[in-house]
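The values are calculated or read from the model by the stated rules, or taken from the named source; none is laboratory data. From a predicted model like this one, the values you see are computed outputs, not experimental measurements. Methodologically, a virtual Cβ is constructed for each residue, glycine included, from the backbone with ideal geometry; neighbour enumeration extends over all protein chains shown.
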Amino acid sequence: MAGDPAQVAVICRIFHEFVELDYSEHRIAERLNADGIPSPAGRRWGASGVPARLRNETYQGTMVYNRTSQKLKTPRHDNPDEEWVRTPEAFEGIVSQEQFVQAQAILDERRRKYQLERLLEQLACLYKQHGLVHSSLLRLDEDLPGPGALPLGLLMRQRLLPLTVHAKSLTREQVLKAIQGRHRLAAAGMFRNPRRIWTKELLLDAIRYYRHLGLPIQALRHQDSRLLNSAISYFGNCRTALAAAGLDVPEWRWTKPRVLRELRQCYRQGPVSIFKVNRHLWLHAVRLFGTLDAALEEAGLPPPLNRWTKRRILATIQDEYVQWRAGKRQPFGNRRLKSAAQRLFGSWPAALAAAGVDAQQVDIQPRRRWSPARILAQLQERAKAGLRLCSVSGQDYGLYHRAIHHFGSWNNALMAAGLPFRVRRRWSQPAVAAALRQPLAAGQSLSASVVYQEDCGLVAAAAKYFGSWRRALEAIGVRRSRPWSRRRVAAALRRRLRQGRSLSSKCIA
């Protein structure tokens, strides 16, 4: 069986440690994680990763088909084992059949059998001890099966497990205890919010506790959405809930005084990027003052550190010029500096002159002047050099932009230069039908995948004007064969299997 040598070595190691060394699946997963060997999905080995490899018949050379079925617009379901199609010795396996059979025997022997009466007794004891039955508690108890193997909902519906959560209101201590332990349990992946029946007193206590933690009430949308929804349901809005809890109601609307106050608060430690620190503040500053600079000027604050000003541009040019003269920087200037200088000074040479730097000394390239004659000459030179003319926009945007400016379009520029160009086709239903009849008359394949490789635009136009490729072929009188269904595919595979023909995808294709 061909495959990655590293993955083949991992599979052989799993079977060797499980069969020969009698290691458990959990211990094998721990050893693989300790050695830094990832699973085929690129993650850590979990509890189900090793058993899935031990049960996979592909590793002994057996090809298995028809494991699942899915009809149109229906969910996929697993087929019974007797409906699976197996081809023994379809290819060379990674492990021997004897080793694979031994692994299956060990797995069947280790599979625990639970009696329903004993299982219900254990669940009842668990409920009396903790007050509820939860998947996190099942994971911690080694005598009980995992939550994935235990149908709690089915047992409850059949009234074999008469366990319910308390319907009475929780006490204040229970609410605070649940809130305090919520984040620790959520970080461990073991918490699921029990159903809480909120009263006004419980809501007010919970809101006060969150305010004591320093969290605004808006944070409850992510921290505890049920609490926030219950507060809005009882009190109408968050402001009324905070007032009922005896807490100060924060300022909700953004006004100019609030924007100035928030800006001064952000600048306590020095100039910062308002957009990165508080995007809502930046948004309302621009909305109320027009620009962030105007808001900062109104607040009496300097511009942020990353904002280009004339003074900063001149200082940066002078610093880079000193480094360039010392040979520590080559070339002189960068794209962001030149763009800011052109925006504030009008041009890069003007900024250099304002900074006291000679533009000729730093070898500034003059701006290219494009004329129609020069554009045509450049296009002809590119064509003689064998360069692709369709990629000019990415290689020389100035040439591409000025060609469109002078000639109206890129194709007009190529036509004026005497160069061949591809005319964009205008599709319609008659045009698509005429294009489809050409390969039909030549006896070529009309498969969508084959035509797409030759003319992807035709396939897209057929789907646009006819709805699908099949309808486009029916419009020109071509009837396709009966579509493949799962039952037809399975029957064809069984027929090939009875005939002794290969089931490899390469042979079938």
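Points to keep in mind about this one:
- Taken over the stretch 1-28, residues that are over 16 Å from A103 (Cα atoms) and in a helix (DSSP H, G or I) amount to 5.
- Scanning the stretch 68-109 for residues that are of a type in the set (S, T, Y) and loosely packed, with under 14 Cβ neighbours inside 10 Å yields T68, T74, S96.
Quick grid of which residues meet (1) within 31 Å of the chain's Cα centre (by Cα); (2) more than 17 Å from E109 (Cα to Cα):
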site	(1), (2)
A6	yes, yes
S24	no, no
R27	no, yes
R31	yes, yes
R44	yes, yes
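- Selection count, the stretch 418-438, where residues are modelled with pLDDT of 85 or more and not aromatic (F, W, Y): 11
- Subset of the stretch 225-277 [modelled with pLDDT of 85 or more and surrounded by 15 or more Cβ atoms within 10 Å (Cβ to Cβ)]: R258, V259, L260, E262, L263
- Restricting the search to helices (runs of 4 or more DSSP H) fully inside the stretch 446-509 and requiring at least 1 residues that are of a type outside the set (S, T, Y) and modelled with pLDDT of 85 or more gives 456-466, 469-475.
- Looking at G42, G61, just one residue is assigned by TED's automatic domain parsing to the domain that holds V101 and either farther than 26 Å from S96 by Cβ or loosely packed, with under 12 Cβ neighbours inside 10 Å (or both), and that residue is G42.
- Any pair with Cβ under 9 angstrom, 6 or more apart, that starts in the stretch 185-208 at a residue that is within 14 Å of D224 (Cα to Cα) and ends at one that is acidic (D, E) and at pLDDT 50 or above: N193/D224; A206/D224
Listed here are the residues, each with its yes/no results for (1) acidic (D, E); (2) under 33 Å from the mean Cα position of the chain (by Cα).
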{"position": "K256", "(1), (2)": "no, no"}
{"position": "E262", "(1), (2)": "yes, no"}
{"position": "Q269", "(1), (2)": "no, no"}
{"position": "H284", "(1), (2)": "no, yes"}
{"position": "L288", "(1), (2)": "no, no"}
{"position": "D293", "(1), (2)": "yes, no"}
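- Single residue of the stretch 411-438 satisfying the filter (part of a helix (DSSP H, G or I) and without any contact (Cβ under 8 Å) to a residue 12 or more places away in the chain) that is surrounded by the fewest Cβ atoms within 10 Å (Cβ to Cβ): P430
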